[in-house]
Every structure is written in structure tokens, then in C-alpha cells.
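The structure under discussion appears below in the form of C-alpha cells.
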Amino acid sequence: MSRRVLTGVRTTGQMHLGHFVGALKQWVDVQSWNTYDCYFLLADVQALTTHAENPSLLPVAVKTIILDWLSVGLDPFRADVHFVLQSAIFERFELSGLLAMIPTWREVRNNPTVKEELKKNANPSAGFMLYAVDQAADIYMVSPVPHESGDELLVPVGSDQVPHLELARHIARDFNKKYQRNLFTPCQALVGDVGRLPGIYGDEKMGKSADNAIFLTDTKETVKDKVNQIRVPSRAANEPGETEKNILFQYHRAFNSDEDQVADLTERYQKGQVGDREVRERLMAAINRFLEPIQERRAHFANVNVREILEEGTRATRPAAKLVIEQVRDAMHLGYPT
Ligand code: TRP
């Protein structure tokens with residue numbers, strides 16, 4: 001029986017609080033269960049779907065992300081935890097090409113992320129159109145094969161990734177059915193409770209390109225500046241306020257470890273007994289408390305050997321991917337005639 005976790009992120013830049021809530025928090029959790037082999041993928045190939053103009057930035061982003069991951073407590077020095085550079089697993093490309101034969105063009109075209117992107121850019125790269133299929137190859141390169149009962153393949157992700165995982169489940173089932181083998185273990189999404197964090201201006205989710213993010217590396221001063229920019233509904237003095245959609249409170253709920261304080265602020269806000277200033281200042285302090293151990297760990301790892309970490313990840317992943325590819329080729333009747 002194999003229990004595996006694979007998840008990842010595109011290597012497009014440093015990580016922020018939105019990544020923490022939507023992804024990293026769950027990853028650290030899963031790692032702490034000690035019951036799954038964990039593969040954390042640096043998706044440098046997938047980054048090219050949108051960042052092909054300046055690929056020379058990718059190696060820098062890879063190092064940054066590795067430090068981000070170490071700083072939140074992911075631990076590639078454990079035997080069951082691996083940081084995997086997507087482009088280093090050659091078998092993954094082959095799997096991606098073969099899995100592309102399973103879904104129809106319409107299924108690919110109807111993926112919500114693809115639809116969104118097509119609204120903004122009518123003519124994306126052909127690679128982008130296959131984004132979700134390629135992501136299925138990321139996941140299934142570590143599928144326990146052949147599938148046996150009790151095998152698990154978990155994918156902790158933010159809610160935006162769920163449609164991709166639906167397609168990936170579909171691909172596993174269709175493949176197994178079409179080739180009459182119980183080969184792939186359909187993956188399962190694991191979506192955290194918060195999932196999506198709004199950016200500091202509240203209109204969009206937190207993201208690097210939207211320029212609305214608080215990064216894991218932000219200094220105390222920067223955090224102060226950014227929290228000062230958070231937009232809140234205007235209220236007259238002593239006017240009761242709503243906390244549900246107020247970003248200050250959303251952040252308090254996500255990052256303030258002092259639950260009594262959050263409960264107290266919430267109650268007073270709802271009764272009109274606290275001003276925005278206090279809510280804001282307590283949030284600055286809370287976020288800085290939250291970031292402090294993360295930044296200490298990052299400093300500790302500043303000179304870590306990134307190459308060694310990635311080489312270990314490659315060594316751990318390629319044999320698994322080879323096994324998958326052998327069985328896929330066999331099922332699809334590919335190979336030299338004998
Ligand atoms: N698409 C994910 C993102 O944008 C990154 C990713 C690539 C991924 N391959 C994956 C996530 C496999 C989960 C599983 O962040």
C-alpha cells in the first residue's frame with residue numbers, strides 16, 4: 001500500500017501570505033502526519049506557459065521558492081520528503097504526451113482556467129492549452145502502479161486548482177477503462193479551509209502580479225505600510241461594522257494566533273466600540289509575530305545547497321516515474337515489435 005502526496009507551484013516568484021493560506025499551510029500539515037511520501041514540485045516548465053518572455057529569471061525563482069519552502073518548515077532532509085524540479089524528470093514529458101491522448105479537446109477547452117485566460121488572451125501558447133493535462137502528468141508520475149486498494153495519491157491545493165484535479169481524475173479513470181487495467185490511482189484534492197485570500201485592496205485574490213501581496217520576506221516596516229493600505233468600509237464613529245467581508249478581520253482570522261484578541265476585536269467592532277486604527281495596529285503586530293519564526297528559519301538556511309536538495313528530489317522521483325512510463329507504454333501497446 002502506498003500513500004503519496006504530490007503538489008507544487010509554478011516558479012514565477014516569491015511566495016506570499018496567499019500562498020501560505022491556500023497551499024503551504026496544508027503542505028506542512030500533511031508533512032507532519034508522517035504517513036505520506038511527499039513530493040513538492042517546482043513547476044518550472046509550467047511557468048513557461050505564461051513566463052516564456054523572460055525564462056532567465058526562472059533559476060532565481062527556483063532558489064527563492066526553495067528558501068520560502070524551507071522557511072515555513074518543509075523539510076527535504078527527511079527521507080520521505082522531496083523537492084522536485086519539474087524539468088529534471090524526463091519521464092514526465094513522455095507521460096504528459098501520452099496522457100494528452102485521453103481527454104478530448106472540448107474537455108481541455110472547457111477547463112475554467114483556460115476559459116478565463118482565453119478571455120484575456122485570445123491566442124495563448126499551445127502549451128498553455130494543455131496545462132491541465134501536463135499537470136496530470138506531474139501528479140501521475142508518482143502514481144503507485146499498478147493501483148492497489150488502499151493506495152492514495154493526495155494533492156493539497158488551493159480551490160482554484162480543483163478543476164484541474166477533476167480533469168486529472170477523469171484521465172486516470174478513462175485510461176484505466178480504455179486500456180482495461182487498474183493502472184492509475186485517481187488523485188484526490190485536499191483543499192484547505194480558507195483556500196483563497198484577498199489581496200490588500202480586497203478586489204482580487206492575493207497575487208504577485210496584482211501588486212497586492214504581503215510576502216513571507218517582507219520586513220516589519222513593509223508589513224506596516226501594506227496593512228495601512230488595506231481598504232476597509234468607511235464607518236462613522238461608534239457605528240457597528242460587519243466583520244465577515246472586512247479584510248482586516250479576514251487577515252486577523254487567518255494570521256492572528258491570539259484567538260481571544262480576535263474574538264474581542266470582532267465583538268467590539270460589531271458593536272461599534274473599536275476604531276479601525278486599533279484593528280489595524282493589532283493586525284500589523286500579529287502578522288509580524290507570524291512572520292518572525294519564518295524569517296528566522298530563512299536566515300538559518302540562507303547558504304543551503306540548493307543543487308543537492310534538487311538532486312535528491314530527482315533521484316527519488318525518476319525511478320517512480322520510470323515504473324509508471326513502462327506500464328503506460330505497455331498498456332498503450334507502444335514499443336519495438338518483437
Ligand atoms: N498549477 C499549479 C499552480 O499554478 C502548480 C502545479 C503544477 C501543481 N503541477 C502541479 C499543483 C501538480 C498540484 C499538482 O500553482
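Odds and ends about this structure:
- Test set (1) within 16 Å of the ligand (Cβ to nearest atom); (2) within 24 Å of Val324 (Cα to Cα); (3) part of a helix (DSSP H, G or I) - Glu94 fails condition number: (1)
- Qualifying residue in region 175-184 (condition: out of contact with any strand residue (DSSP E or B) (no Cβ under 8 Å at 6 or more places or on another chain), touching a residue at least 12 places away in the same chain (Cβ under 8 Å), within 30 Å of Leu24 (Cβ to Cβ) and outside any helix (DSSP H, G or I)): yes
Conditions tested, residue by residue: (1) modelled with pLDDT under 95; (2) in contact with a strand residue (DSSP E or B) (Cβ under 8 Å, 6 or more places away or on another chain); (3) under 17 Å from Phe20 (Cα atoms).
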| residue | (1), (2), (3) |
| --- | --- |
| Pro198 | yes, yes, yes |
| Gly202 | yes, no, no |
| Asp218 | no, no, yes |
| Pro233 | yes, no, no |
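- Taking the criterion of being of a type outside the set (Val, Ile, Thr) and in contact (Cβ under 8 Å) with a residue 60 or more places away in the chain, the residues of region 51-76 that qualify are Ala52, Lys63, Leu67, Asp68, Leu70, Ser71, Gly73, Pro76.
- Looking at Gln180, Gln188, just one residue is farther than 30 Å from Val72 by Cα and exposed (fewer than 15 other Cβ atoms within 10 Å of the Cβ), and that residue is Gln180.
- Qualifying residues in region 133-182 (those that are among the basic types (Lys, Arg) and farther than 23 Å from Lys115 by Cα) - the one nearest to the ligand (Cβ to nearest atom): Arg173
- One residue from Val306, Val324 being modelled with pLDDT of 95 or more, within 30 Å of Ser71 (Cβ to Cβ) and surrounded by 14 or more Cβ atoms within 10 Å (Cβ to Cβ): Val306
- Of residues in region 207-247 being in contact with an Asp or Glu (Cβ under 6 Å, 6 or more places away or on another chain) and not β-branched (Val, Ile, Thr), the one farthest from Arg282 (Cα to Cα): Ala210
- Of the residues making up region 203-241, those that are closer than 23 Å to Gly275 by Cα and of a type in the set (Ser, Thr, Tyr) are Thr222, Ser234.
- Looking only at residues in region 7-52 that are acidic (Asp, Glu) and either within 12 Å of the ligand (Cβ to nearest atom) or over 17 Å from Asp138 (Cβ atoms) (or both), the one that is surrounded by the fewest Cβ atoms within 10 Å (Cβ to Cβ) is Asp29.
- Taken over region 117-132, the criterion of being more than 14 Å from the ligand (Cβ to nearest atom) and not in a helix (DSSP H, G or I) is satisfied by Asn121, Ala122, Asn123, Pro124, Ser125.
- Region 101-126 - residue that is over 22 Å from Gly158 (Cβ atoms) and among the β-branched types (Val, Ile, Thr) and, of those, surrounded by the fewest Cβ atoms within 10 Å (Cβ to Cβ): Thr104
- Residue in region 42-63 that is touching a Gly at 6+ places or on another chain (Cβ under 8 Å) and part of a strand (DSSP E or B) present: yes
- Pro59 meets all of the listed conditions (1) at pLDDT 95 or above; (2) over 15 Å from the mean Cα position of the chain (by Cα) but one, namely (1).
- Count - residues of region 285-338 that are over 28 Å from Phe77 (Cβ atoms), of a type in the set (S, T, N, Q) and in a loop (DSSP other than H, G, I, E, B): 1
- Qualifying positions in region 53-66 - away from the ligand (no atom under 14 Å from the Cβ), farther than 19 Å from Tyr131 by Cβ and in contact with a Leu (Cβ under 9 Å, 6 or more places away or on another chain): Ile66
- Some residue of region 185-200 being without any contact (Cβ under 8 Å) to a residue 24 or more places away in the chain and in a loop (DSSP other than H, G, I, E, B): yes
- Only a single criterion out of (1) in contact with a Leu (Cβ under 6 Å, 6 or more places away or on another chain); (2) within 22 Å of Asp211 (Cα to Cα) is not satisfied by Tyr39, namely (2).
- Among the conditions (1) buried (at least 22 other Cβ atoms within 10 Å of the Cβ); (2) under 20 Å from Trp105 (Cβ atoms), the only one that Met129 does not satisfy is (1).
- Restricting attention to region 229-262 and to residues that are assigned to a loop (DSSP other than H, G, I, E, B) and among the small types (Gly, Ala, Ser), the residue that is nearest to the chain's Cα centre (by Cα) turns out to be Ser257.
The values are calculated or read from the model by the stated rules, or taken from the named source; none is laboratory data. This structure is a prediction, so every number in the text was calculated from the model and none was measured. Cβ sites come from the backbone with ideal geometry, for glycine too, and all protein chains shown count toward neighbours.
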